[in-house]
Amino acid sequence: MKTRLGGLGGGLVGGLVAALSISGCAANPSTGSIGPTRVPHAAIDAIGQRAVAERGIVGLSIAIAQDGEIVYARGFGHADAAHTRPATERTVYDIASVGKQFTAAAIVQLVERGDLAYDTRVRTLVPELPSNVPDATIEQWLRHTSGFVGGDIDELAPPEHYTTPKKGLELLDDVAITDGRTMFAPEETWVYCNAGYLVLGLVVEAAGGMPYDEYIRQHVLAPLDPHAMTVCAYPPADIASERLRRSDEGVRHVPHIDMSAYAGQGSICSSAIDLIRWSRAINDGRIFSHESLARFRTPSTVRGDHATASIPYGFAQRLGVMDGHFKAGHSGTFDGGSASLFTYPDDGLEIAVLSNTMGGGAPHAVLIEAEIAKLLLGVVPPDVESERVPVTEAQKRAIEGTYTDGTRFTATIEGDELVVYQNGEFEERLVHVGNMRFRRADRPDVFEWFVMDGEKAGWWIYSMSGNFLDVLRREDADPPNPH
């Protein structure tokens, strides 16, 4: 079931705030550089140790850079379910959707070379696209504003053809495309769409004149000289992390899916060290120009019937602000692990967190990254009760209604609180902190707001720890009755 936290799972946040006391699980020795004494190594160790010893992650790697220098790089737990190989900062993980930014970077390079234009309609480059796919532009696909809602593959029971290599137009048989549907007009709203980045991978092939994986290796990764990044393939077993699923029955391996099946939507495997080097190269202008970087991290604009809204998502970049600190990056989620890579450009800070375990309460890498960032930036959680503001009748009328991104949610107002239902079932309750903005009292880093489109709110946007997660578009104008 889809959750309010964009696939992270509502039960994964708790406990990490208290992770600043050393537990019994030691960090694995690091071969990375040791940073300045101002970096609280013991406190960061405690966050990683708790995730492994108490929260169910089998293996975890963390790398941090400050002002271009790697100041922390360590592994925790093990790279395998049998606990025979310690996880280190050089263990290579499937980074899932963090890999979308490599596809976006390839598109930006091709635009800079004059081989593509952002306003080109993708069907002119990939005429074989099926009829259910909209005739959207390259930039609309980059920004997830094509209006297409993709299908979802069951990674715990994948179709048989996902276990063998897939190339080129064979990717058009992907469930994300074949089971998808166009729900919105282009740029009407923002809907996260894996299918769009599969399509963009085909655009890279058409404009780059070579297979997707070859283009990424030759033109995107070449400036990095990466230690062990792979594209559309798993790394050698002796350096690779396994992909694990935890449940009440224990830990098991997730079924094999050939990495080539993910292509442009996320087929990169990387270590935490190499991800930091990638982030540094992006910020330094070694992958594409600083002018293109500005566009890469420019929020998207969606257009309703009467107004527009700014959506904090660029080109495979989730944008946000954590207690005044601008952040940009992406998370990755699949049934056998999670990943997070974020940069705080104004603070010279970059953080990569990779995990090989999902399910059973194992925390998502993006939650661990946020805890580290809060520690390093001195973020203090807000006192939600002191921010409480009454909801006016006009605001109540504007907010209440049904919204969707493919999954239906309803918003009701009770006093000065927003009460959320998913498909009629209670989901969460948030406190109004002014101007149709809401924050959870029990998890104050969960922040949601509404943007007007005429007399009613047209978009419902939410984030966590400054990490933009999702947008819901108003489905009807009538107040809901969730009961």
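Values quoted throughout were computed directly from the atomic coordinates according to the rules given, and no laboratory measurement underlies them. Values in this document were obtained by computation on a predicted structure and should not be read as measured data. Backbone-built Cβ (ideal geometry, glycine too); neighbour counts: all protein chains shown.
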- [ ] Under 28 Å between C-alpha atoms is the cut-off here; go through the chain and count lysine pairs that meet it, provided they're at least eight residues apart or on different chains.
- [x] 12
Task: Protection-proxy order for peptides 307-314, 109-116, each taking the mean of Cβ atoms within 10 Å per residue, highest first - done: 307-314, 109-116
Task: Cβ-based exposure ranking for Glu160, Glu455, in which fewest neighbours within 10 Å come first - done: Glu160, Glu455
TODO: Normalising by the residue count of the stretch 384-476, find the relative contact order in percent from Cα pairs under 8 Å and 6+ residues apart.
DONE: 25
TODO: Take the alpha carbon gyration tensor of the stretch 384-476, find the square roots of its eigenvalues, order them as a ≥ b ≥ c, and report rounded if a/c is under 1.5; if not, report prolate when a/b exceeds b/c, else oblate.
DONE: rounded
Open item on the list: If R₀ is 45 angstrom, what is the calculated FRET efficiency for the pair Arg286 and Asp179, using the beta carbon separation as r and rounding to 0.05?
Closed with: 0.70
Open item on the list: Amide H of Val446 versus every other amide H placed in the peptide plane: which residues, excluding those fewer than 5 positions away on the same chain, fall under 5 Å?
Closed with: Arg440, Ser465
Open item on the list: What does the C-alpha gyration tensor say about the overall shape of the stretch 163-282? Classify as rounded when a/c is under 1.5, otherwise prolate if a/b is larger than b/c, or oblate.
Closed with: oblate
- [ ] Please compute the net charge surrounding Met259, taking Lys and Arg as +1 and Asp and Glu as -1 over other residues with Cβ under 15 Å from its Cβ.
- [x] -4
Open item on the list: Quick one: 3J(HN,Hα) in Hz for the stretch 334-341, Karplus 6.51/-1.76/1.60 with θ = phi - 60°, rounded, Gly and Pro as x.
Closed with: 8, 6, x, x, 8, 8, 8, 9
TODO: Please list the helices of the chain that count as membrane-span-like by this rule: a mean Kyte-Doolittle hydropathy of at least -1.0 together with Cα atoms stretching 20 Å or more along the helix axis, each helix being a complete DSSP H run.
DONE: 194-208
- [ ] Would you indicate which of (i) 80, 58, 49; (ii) 60, 56, 46; (iii) 75, 60, 43 is the value of Cα extents along the principal axes in Å derived from the coordinates of this structure?
- [x] (ii)
TODO: Within 10 Å, count the other beta carbons around each residue, average over each peptide in 93-104, 385-396, and list them highest first.
DONE: 93-104, 385-396
- [ ] Could you please state, rounded to a whole Å, how far the C-alpha centre of the stretch 229-296 is from the C-alpha centre of the stretch 365-435?
- [x] 31
TODO: With a 10 Å radius around each residue's Cβ, average the other Cβ atoms per peptide and rank 48-56, 335-343, highest first.
DONE: 335-343, 48-56
Open item on the list: Can you tell me, using C-alpha contacts under 8 Å and at least 6 residues apart, the relative contact order of the chain as a whole percent?
Closed with: 17
